[in-house]
Amino acid sequence: MRHVAMIEAPWRAPVAVLAGLADRPWSLAFLSAGAGWSYVLAEPDAVLAVPADDPRDAFQALAAFAGPGGETLADGPPFQGGVAGLLSYDLADRVEPLGLGRLDGWPDMACARYRALLAFDHDAGRMFAVGRGETPAEAQVAAHRALAWTGLPAPGPQPPACRLEPDDPQAYETAVAEVVGRIRSGEIFQANIARRWRGRLGPGARPFDLMAGLAAASPAPFAAYLRLPGRAVVSNSPERFVQVTRRGDDLVVRTQPIKGTAPRGATPTQDADLAQALSASAKDRAENLMIVDLMRNDLARVCAPGSVETPGLFKVASFANVHHLVSTVTGRLAAGRSAVDLLRAAFPPGSITGAPKVQAMKVIAGLEAPRGPFFGAMFHLGADGGLDSSVLIRTAAFVEDACGWRVEARAGAGIVADSDPAAERQETETKIAALAQALGRAF
């Protein structure tokens, strides 16, 4: 896919375009909450699925699948076609052998190579059809194919009518108490322990209906949608995992881990007070700093010596139902290193594991059911070697059966030495609330 073509077209909301493609296997979208860029992709020319029993090195397979890249347009969107898809949390078992189980047949990796996509510049209000091909003519054909997606008929979204039922809350508090004890004994410093909710969509509802509801009621900067054969992932994530941007001959890295959470207030004054309390919280800042240090170490494995920096710490970011503390770590990939090397070095995201990372994952595996897509990543890898990816939090996973769609969702909390089990349980309920409301039930 060496060549690229781009056609500007009248603006359409990306969710509206996705509606016409959402039931097609391998349709995929990255939705950015009305700022920056969104993308809708479909009709890939090849797919790469790595199930749990596949003996290949999944990261080598991804690098080979992505290929050598090709030209990009200087005035085009950051992502101009390439490989995109899902990295399940259990892919971590291929980075560090942990004996992780697998969730309900979910693959460790599921991605596809896309010659055609639609790119949406929210800041400028412009939409582009982008195509790639082995010749300029092939690239033009692919761009026109993407343009045709804007005219597809789409059924209107309907309420999913799903009641999410949580696992036993007391069992979660018991797990948190166990982790606190293990932290105090010196085994680990922190672990992110998650709860599970399950339900079933109402008759005729589809996974896209949740995506549409979330985009309307509580848009997130790293939302994503992926339709696989008989499965789907809907994510309303506020968190970037790792990003690689080409600047001249350099590949610049950025990650923005989230740790520290407070609910939104009922009034502007209460809301401001809650945000200020989060900003001043020694517990939340310490929790955030541990993950920053972890991510610095992960980046240092593949970045040029001395290039890893922390330009921002403990910034309060506000979303529909929560405030979060967000920090930023940057670096520059060492010569000969690629975005796939960075994924291997940093996966899974430190914010949903803990520290030290490997031991925290062992603790998690002993307390939770296999995670599958939850707390993994959705990513796109461009022809220029660039990458962007999100952490799959605020995420629902769907499996189709003879009765329709089963849905599962999870939310976690970072457990430290002074964590209170009841408070951590309440934090998970705060985090899951927007997704539960979009599915049809409010806490």
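Observations on the model:
- Residue satisfying all of: in segment 399-426; of a type outside the set (D, E, K, R), surrounded by fewer than 22 Cβ atoms within 10 Å (Cβ to Cβ) and in a strand (DSSP E or B); modelled with the lowest pLDDT among these: Gly404
- Residue list for segment 239-273, restricted to those being assigned to a strand (DSSP E or B), out of contact with any His (no Cβ under 7 Å at 6 or more places or on another chain) and under 17 Å from Met290 (Cβ atoms): Thr255, Lys259
- For Ala215, the test of being part of a strand (DSSP E or B) and either buried (at least 21 other Cβ atoms within 10 Å of the Cβ) or touching a residue at least 24 places away in the same chain (Cβ under 8 Å) (or both) is failed.
- If you go through segment 245-260 and keep only what is among the hydroxyl-bearing types (Ser, Thr, Tyr) and surrounded by fewer than 19 Cβ atoms within 10 Å (Cβ to Cβ), you end up with just Thr245.
- Any chance Val180 is aliphatic (A, V, I, L, M) and within 20 Å of the chain's Cα centre (by Cα): no
- Given (1) more than 30 Å from His3 (Cβ to Cβ); (2) outside any loop (DSSP other than H, G, I, E, B); (3) not β-branched (Val, Ile, Thr), number of the condition Arg344 does not satisfy: (1)
- From the options Gly125, Gly76, residue that is over 22 Å from Leu342 (Cα atoms), more than 24 Å from the chain's Cα centre (by Cα) and modelled with pLDDT of 95 or more: Gly125
Matching residues to (1) at pLDDT 95 or above; (2) over 17 Å from Ala377 (Cβ atoms); (3) surrounded by 24 or more Cβ atoms within 10 Å (Cβ to Cβ):
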site: Ala191; (1), (2), (3): yes, yes, yes
site: Arg198; (1), (2), (3): yes, yes, no
site: Gly202; (1), (2), (3): no, yes, no
site: Arg231; (1), (2), (3): yes, no, no
site: Ser237; (1), (2), (3): yes, no, no
site: Gln243; (1), (2), (3): yes, no, no
site: Ala266; (1), (2), (3): no, yes, no
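- Residues in segment 382-398 that are in a strand (DSSP E or B), under 22 Å from Arg337 (Cβ atoms) and more than 8 Å from the chain's Cα centre (by Cα): Gly382, Leu387, Asp388.
- Of all residues in segment 28-65, those satisfying the criterion of being outside any helix (DSSP H, G or I), among the small types (Gly, Ala, Ser) and over 19 Å from Pro77 (Cα atoms) are Ala46, Ala49, Ala52.
- Scanning segment 374-381 turns up at least one residue that is crowded, with 21+ Cβ neighbours inside 10 Å and either of a type in the set (Gly, Ala, Ser) or in contact with a His (Cβ under 7 Å, 6 or more places away or on another chain) (or both).
- Restricting attention to segment 325-365, the residues that are within 30 Å of Ala177 (Cβ to Cβ), under 17 Å from the mean Cα position of the chain (by Cα) and surrounded by fewer than 22 Cβ atoms within 10 Å (Cβ to Cβ) total 1.
- Pairs with Cβ under 6 Å, 6+ apart, first in segment 168-195 and farther than 10 Å from Ala360 by Cβ, second outside any helix (DSSP H, G or I) and basic (Lys, Arg): Tyr172/Arg195; Ala194/Arg410
The values are calculated or read from the model by the stated rules, or taken from the named source; none is laboratory data. Model, not experiment: these values are computed from the prediction. Don't worry about glycine lacking a Cβ; one is built from the backbone with ideal geometry, like all the others, and counts go over all protein chains shown.
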